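Every number here is computed from the coordinates shown, using simple stated rules; none is lab data. All figures in this text were calculated on a predicted structure; none of them were measured in a lab. Quick reminder, even Gly has a Cβ in these numbers, built from the backbone with ideal geometry, and neighbours come from all protein chains shown.
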Amino acid sequence: MKKNILILFLIMGLIVILPFTASAIPMTGSRTTPESSGVKAGDGWQDISGGFRIAWSINDYSSTQGYWEYTYTLTNNDSPFFTTLDPGLSHWILELSDTFTSNNIWDITGGKFEIKTFSSGGSNPDMLSDIYGIKFEPGDSVTFKSDRSPMWGDFYAKDGKHDGIWATAWNTGFGQDPYAPGITDYTPWIAVPDTTGPTPTIIPEPSTLILLLIGLLGLTSLCIRRKR
C-alpha cells in the first residue's frame, strides 16, 4: 500500500513537471548556420563567409508590469566572438500573429520598423512565403517591449548583392507550424512575440524543480505516516 502511494505521487510529480519542458520557450537562445543548427543561409552568409547567427534574450516583467522585453542580435557565426555581420544587413523580418499591431510594441531601439504582411520575392529574395511581421531596418541589434508572450516562430533576413551573390537567411522551419502534433524539436524556429499556437509555459529554474520534488516527497512521506 505504501509503495503504491509513493508511485502515485511520483507519477503526479512527472505530470506537473513535463509540461514545463515540452514546448517551453527559453529566455535566452540562438539559432545559427549550418542548417542542422536552425538557420539556412544564401551564399553570402554561408559558413564559409562567417555564417549567420540570430540570438534572443527575453526578460519577463509580465507578472509585475504586464510586458516582456525582447532583445535580438544578428551577427556572424564566427564563435566565440560573433562579429558584426559581413556582408551587412539591409533589413530583417520577425513573425507576429495577425492580431499584433503597433499598440502591442513600444520602446523600440535599433532602427526603423514597419508592421504588415511582407511578400516573398522582390525585395525579399529567397523568402519561402509571405509573412505577417515587423520589419527592422537595419536593426542588427534590436530591443523592444511587448505585452505579447514569447512563442516559436519565423524570421527572415537579407542584405544586397555582393559580387552578384545575395546575403539571405531564415529559420529552417519557415512557414511550418511549430505546434503541429508530434513536434518535439524546436531547433527550426526562434522565439517571437505571440505567433500562432498556445501560450507555452516558461521553463522554471532548476531550483524551482528541486523545491517541487522536495514538496512532493514530503507530501508522500506525510501520507505514508498517516496510513500507519
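Dipole of the stretch 105-202 (Lys/Arg Cβ +1, Asp/Glu Cβ -1, origin at the Cα centre): which of 152, 191, 115 lies farthest to the positive side?
Of the listed residues, the answer is 115.
Counting other C-beta atoms within 10 Å, which of 45, 106, 152, 166 has the fewest, and how do the rest follow?
106, 166, 152, 45
Among 66, 96, 180, whose Cα projects farthest towards the positive end of the dipole of the stretch 28-200, with charges put on the beta-carbon of Lys, Arg (+1) and Asp, Glu (-1)?
So the residue furthest toward the plus end is 66.
If the chain between residue 78 and residue 177 were fully stretched, how many nm would it gain, using 0.36 nm times the residue separation less the Cα-Cα distance?
So the extension gain works out to 32.7 nm.
Using a Förster distance of 25 angstrom, determine the FRET efficiency expected from the C-beta separation of residue 71 and residue 128, and round it to 0.05.
Efficiency for this residue pair is about 0.45.
Using r as the Cβ-Cβ distance of residue 60 and residue 117, and R0 as 30 Å, what FRET efficiency do you calculate, to the nearest 0.05?
E between residue 60 and residue 117, to the nearest 0.05, is 0.55.
Note down the nm distance, to one decimal, between modelled labels 7 Å out along Cα→Cβ at residue 163 and at residue 184.
4.4 nm
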